[in-house]
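The values are calculated or read from the model by the stated rules, or taken from the named source; none is laboratory data. What you are looking at is a predicted structure, and each value in this text was computed from that prediction instead of being measured. So basically every Cβ, Gly included, is an ideal-geometry build from the backbone, and we count neighbours across all protein chains shown. Ligands, DNA and RNA are excluded from the accessible area calculation, which covers all protein heavy atoms including side chains. Shrake-Rupley method; radii C 1.70, N 1.55, O 1.52, S 1.80 Å.
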Amino acid sequence: MKNISLDIKKATCFLQPGAVEAFEPKVKAAQEALENGTCPGNDFLGWLHLPTSITPAFLDDIVATAQVLRENCEAIVVAGIGGSYLGAKAVIEALSNSFGWLQSPKPAILFAGNNIGEDYLFELTEYLKDKKFGVINISKSGTTTETALTFRLLKKQCEAQRGKEMAKKVIVAVTDAKRGAARTCADKEGYKSYIIPDNVGGRFSVLTPVGLLPIACAGFDIKALVEGAQQMEKACGKDVPTEENLAAQYAAVRNALYQNGKKIEIMVNYQPKLHFMSEWWKQLYGESEGKDKKGIFPASVDFTTDLHSMGQWIQDGERTIFETVISIEEPEKKLLFPEDEENLDGLNFLAGKRVDEVNKMAELGTRLAHVDGGVPNIRISVPRLNEFYLGQLIYFFEIGCGISGNVLGVNPFNQPGVEAYKKNMFALLDKPGYEAESAAIKERLKSE
């Protein structure tokens, strides 16, 4: 079976000869530090060999739980924020029928707990009023504001509509092994529960029950997903030569580009189904590398759609960017471009061609134009958009992120900056224990 592949030629042509090779010792040292547990954040390296540690019995248990939910629910709400939902949503969106929600699939997989939009939550609870629904509550602490607020609403509604006994059957907790509000609630109520490993951070958790359970509930093959990740774990091992190690190459070239003034990486896809894969990638790299006043800014576009909005800036704007293009070699469906007798749009020259061929030429034409415009391009080629190759892609980006962050000289596994807004928000809401901060902020606001 083929693996995903990496083409960096249209990126290295913007660098001095030997620039990428100069990073190879740093990349090698960074990966060895990951393996040896000597890097910053080494207490969060549980993802590194997670794929090959997953047992068939563990996957069977998740599939069995998913089947209980599928058989007893018309809708399943995944309550979580950040890494507690983005990975699952990325995989589910990539594999789902684009218009499945119009066909009333059973069960519908919904995502909540990732915002504090009152209209959103009201509309969600209204939608669920006549539905047999269940909940997957994903929170290590159980006190993350967005998720805890949502779960409180959903728990009460599920119990009111379905009764406490059935609610126990269709509410599942994915949380800490021993501590926290979500663990206490799960034990008290008797919910089926899964553990978020202490040594796996949220943005690296898609191959734990955080991602695997919702993906299984959507009806997709988590065993193939894990198999793909296992294959990529072996292909990107520390003893694999750099010229064969895709993740090491990716880390080296993006750091070389960064050193050369390319401060923004734009993730590009030509398949609408990959929109949330880009969103997951943005969190993975943004939260891992954006610290100590360093880090490549991760952005994303959906082509060809965004060529009609962001295309001008990418082609002719400030030359501080490079692109990483995810290209799907073979679509799952086949559709031919029709011929039209009147040919008013002048497109009969495309008659009989596959739509994907037109899309591929748009991709190639755009890459050539952007390279000519001064934008380095990395291309990741994915044979098919299925569970196996998504598993490969997920692990490729994870290990590439760990290596790249270490090369950059930051701790890729913490996120101290996300606490700043929470401190202010709690103070403004007069949360107990934040009295001093509340007074200080109110004085500040008076003077502004």
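Please give the number of the condition S98 fails out of (1) small (G, A, S); (2) open to solvent by 20 Å² or more (accessible area, probe 1.4 Å); (3) assigned to a helix (DSSP H, G or I).
Result: S98 fails condition (3) only.
Return the pair list, or none, for Cβ contacts closer than 6 Å from residues in the range 362-380 that are hydrophobic (A, V, I, L, M, F, W, C) to residues that are open to solvent by 20 Å² or more (accessible area, probe 1.4 Å), at least 6 apart or on different chains.
Close Cβ pairs satisfying both conditions: A362/T304; V371/K10; I378/I8; I380/L6.
Under 30 Å from P331 (Cβ atoms), without any contact (Cβ under 8 Å) to a residue 12 or more places away in the chain, in a helix (DSSP H, G or I) and of a type outside the set (D, E, K, R) - does that describe any residue in the range 109-123?
Checked the range 109-123: no residue is under 30 Å from P331 (Cβ atoms), without any contact (Cβ under 8 Å) to a residue 12 or more places away in the chain, in a helix (DSSP H, G or I) and of a type outside the set (D, E, K, R).
Among the numbered criteria (1) within 30 Å of T208 (Cα to Cα); (2) open to solvent by 20 Å² or more (accessible area, probe 1.4 Å), which single criterion is violated by A436?
(1)
Taking into account only those residues within the range 1-27 that are touching a strand residue (DSSP E or B) at 6+ places or on another chain (Cβ under 7 Å) and under 15 Å from L246 (Cα atoms), which is surrounded by the fewest Cβ atoms within 10 Å (Cβ to Cβ)?
In this case the residue turns out to be K2.
E398: under 30 Å from L45 (Cβ atoms) and either in contact with an Asp or Glu (Cβ under 6 Å, 6 or more places away or on another chain) or aliphatic (A, V, I, L, M) (or both), yes or no?
So E398 does not fit the description; no.
Tell me which of these Q249 doesn't satisfy, since it passes every other one: (1) free of Cβ contacts under 8 Å to residues at least 24 places away in the same chain; (2) open to solvent by less than 70 Å² (accessible area, probe 1.4 Å); (3) over 16 Å from the mean Cα position of the chain (by Cα).
Condition not satisfied by Q249: (1).
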